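The structure under discussion appears below in the form of structure tokens.
The values are calculated or read from the model by the stated rules, or taken from the named source; none is laboratory data. Keep in mind the model is a prediction, meaning the values are calculated, not measured. Ideal geometry is used to build each Cβ from the backbone, glycine not excepted, and the neighbour counts take in all protein chains shown.
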């Protein structure tokens, strides 16, 4: 595990797509999955299930489930499939089926661990979920929430669209603070001039 400070890892994390096919080491994979394992969850239910797909046959089968727009992921030496089911976590009022939130937390922590080791961990939603579940023998009652495409940074950008190439060079713009962050009630600005917030980043 890298000693990269958390704040530095947060700033360095990017959803890059130009990947190397170089294998992810066993110790690196286990460090990533340990970060998931230690993630918080409702009542410590730990609803996540993760399948580390890295065998040649299994990877090839899973990559057949990707659309053209995610063709860049075919260079990846490792894809982590994250699945869960609602009964494995807290079922609360107002449609708060917590397993999706808790799995998102676990993936987020895994992504920071990967970033700290110089590994790209890029979750995607674009795939054929039924075909992928069949390829991975995931039980029908489970939801295949995301595929996390993993790899070291690569230089081959031939599979990337113009929009994807731009995202490789520059972090995609974030919404203005005023659109997502409020003080005390919905719509009340968190700070008077949110555009000038100093986060200390260089």
> Is it true that some residue in region 88-98 is surrounded by 18 or more Cβ atoms within 10 Å (Cβ to Cβ), within 14 Å of the chain's Cα centre (by Cα) and closer than 30 Å to residue 5 by Cα?
Replying inline: no
>> Of the conditions (1) touching a residue at least 40 places away in the same chain (Cβ under 8 Å); (2) more than 14 Å from the chain's Cα centre (by Cα), residue 112 satisfies every one except a single condition; which number is it?
In response: (2)
>> Please verify whether residue 150 is at pLDDT 95 or above, within 20 Å of residue 41 (Cβ to Cβ) and buried (at least 20 other Cβ atoms within 10 Å of the Cβ), treating the condition exactly as stated.
In response: no
> So which residues in region 83-112 are under 19 Å from residue 13 (Cβ atoms) and touching a helix residue (DSSP H, G or I) at 6+ places or on another chain (Cβ under 6 Å), if there are any at all?
Replying inline: 106, 109, 110, 112
